[in-house]
Amino acid sequence: MDTFNLIADASPLLLKGLESTIKVAFLSLLFATVLGLFFGLLRVSKRKWLQMIAKVYVSIIRGTPLYVQVIFFYFGVFPLLFGRATDAVSAGIFVLSLNAGAYLVEIFRAGIESIDKGQMEAGRAIGFTHGQTMAYIILPQAIKRMIPAIVNQFIISIKDTSLLATIGIAELTFTAQTIYAVNFKAFEFLGTIAVIYWVLIYVLTWFSHWLERRLAAQ
Amino acid sequence: MIQVKQLAKSFGNLHVLKNINAHIKRKEVVCVIGPSGSGKSTFLRCLNLLEEPTAGEIIIDGINIMDKGTNINTLRQKAGMVFQQFNLFPHKTALENITLGLIKIKKYNTATAVEKGKALLAKVGLLEKADVYPRNLSGGQQQRVAIARALAMEPEIMLFDEPTSALDPEMVGEVLQVMKDLAQEGMTMVIVTHEMGFAREVADRILFMDQGFVVEEGTPEQLFFHTQQERTREFLNKVL
């Protein structure tokens, strides 16, 4: 009963941590989607140098650990650019967006390339520009196919927010750490946040299945 | 209307079109025949720049379409294209396939676009299929929708790239009928086809292509019954 009371007492703190986790994850995934789409379109461009820009981006991010990226930008890059007063939350969102964005580039590339090239030709033959054909014809079909892969990346990135505890963002993991630092109940509090993460991911997975089914019915 | 001069197209070391000269007059129906790999489809696809020619000139209504200044998208609206594999947009209904270009390119309002789309569906005999998605249409029906989609942009010329080659035999007739009607209305048409009977009946002129050249051209009568070139005769003997 003691344990239960401890967790109940800490629940306002944990909820604040959860709120922070959700906020960071939501904003990061939003920016990551924009980055992924933008560099994904560069990646399938006919111009080699545009492709190269996207390839270099993806290669650097995929080739280095997220943990290193987080501390490199927070302790290395941001202080150089903005001085000492770097806001951890902004830095965290920045790095996570950059990271998830790179993985989404490959998802967008694969999705776009999976659409029959006759679709692009048909669009162009009618008189659409390359961009219009992408927007009205290719992407609506491609995104439908990409949903499972995108959701998978979203799940990974949501869990990756826990790494941001390192730079002192008061998200769920950081909150649990500060609590058990005082009462030494590491098992109880790490167990609790594990359950919270699981529920969060479960809800997202359920939503993605619902979305897939809805789109398939169309 | 279309003047093609010394057109050449290579894919790397593969010279698909070597030296094509052709002239297509307004309201003329020209069929292009020849063995596979002869460059027929590539020639057709050069006419709306789906393939970029390596050399030569293509002049449509006095404008050299290979000039850098030519607006490719405006040009393509003038030339409707029908593909072997239909290439309908699978996420759009038959009607939406037709109205998409009208709404987004020609800036029609939805009501006008729908009205025009339905009129075109009626023209190809598929008005009752307006709200059906392509996957629920037969091949012949899909190709008729594709023709209606191309017609929606009010092209001055229609390009057909083996429009019946992917169809089950019993569906070839309905597509050819729509094309015959178009020809009778005076549409300028260039048709790459293996349907010799259709070519003989509908074409004003037939081009026989082989190995990247136009080997012989003439009226169906001349080409089929007064064949000049040995290569043409060989081909016709095989397919007729």
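Quick rundown of the values:
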item: Entirely in the stretch A:1-118, the helices (runs of 4 or more DSSP H) that have 3 or more residues that are crowded, with 20+ Cβ neighbours inside 10 Å; result: A:2-43, A:88-113
item: Any hit, the stretch B:71-86, residues being more than 13 Å from every other protein chain (Cβ to nearest Cβ) and either at pLDDT below 95 or within 18 Å of the chain's Cα centre (by Cα) (or both); result: no
item: Residues that are over 16 Å from B:Ala22 (Cα atoms) and open to solvent by less than 10 Å² (accessible area, probe 1.4 Å), drawn from the stretch B:199-222; result: B:Ala199
item: Contacts under 8 angstrom Cβ, first residue in the stretch A:131-149 being facing another protein chain (nearest Cβ under 7 Å) and over 17 Å from B:Thr93 (Cα atoms), partner among the charged types (D, E, K, R) and part of a helix (DSSP H, G or I), 6 or more apart; result: A:Gln132/B:Lys104
item: In the stretch B:135-150, the residues that are away from chain A (no Cβ under 11 Å) and of a type in the set (A, V, I, L, M, F, W, C); result: B:Leu137, B:Val145, B:Ile147, B:Ala148
item: Test: residue in the stretch B:225-234 that is of a type in the set (Phe, Trp, Tyr) and in contact (Cβ under 8 Å) with a residue 12 or more places away in the chain; result: no
item: Selection status of B:Val16, among the β-branched types (Val, Ile, Thr) and open to solvent by less than 10 Å² (accessible area, probe 1.4 Å); result: no
item: Residues that are closer than 20 Å to B:Lys107 by Cβ and out of contact with any helix residue (DSSP H, G or I) (no Cβ under 7 Å at 6 or more places or on another chain), drawn from the stretch B:68-88; result: B:Asn71, B:Ile72, B:Asn73, B:Thr74, B:Leu75, B:Gln77, B:Lys78
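One line per residue, one yes/no per condition, for (1) in contact (Cβ under 8 Å) with a residue 40 or more places away in the chain; (2) of a type in the set (Phe, Trp, Tyr):
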residue: B:Ile157; (1), (2): yes, no
residue: B:Phe160; (1), (2): yes, yes
residue: B:Gly173; (1), (2): no, no
residue: B:Met187; (1), (2): yes, no
residue: B:Thr193; (1), (2): yes, no
residue: B:Gly197; (1), (2): no, no
residue: B:Arg200; (1), (2): no, no
residue: B:Arg205; (1), (2): yes, no
residue: B:Phe208; (1), (2): yes, yes
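The values are calculated or read from the model by the stated rules, or taken from the named source; none is laboratory data. Keep in mind that what you see is a predicted model, and the values were worked out from it rather than measured. Reconstructed Cβ throughout: ideal geometry from the backbone, glycine too, with neighbour counts over all protein chains shown. Ligands, DNA and RNA are excluded from the accessible area calculation, which covers all protein heavy atoms including side chains. Shrake-Rupley method; radii C 1.70, N 1.55, O 1.52, S 1.80 Å.
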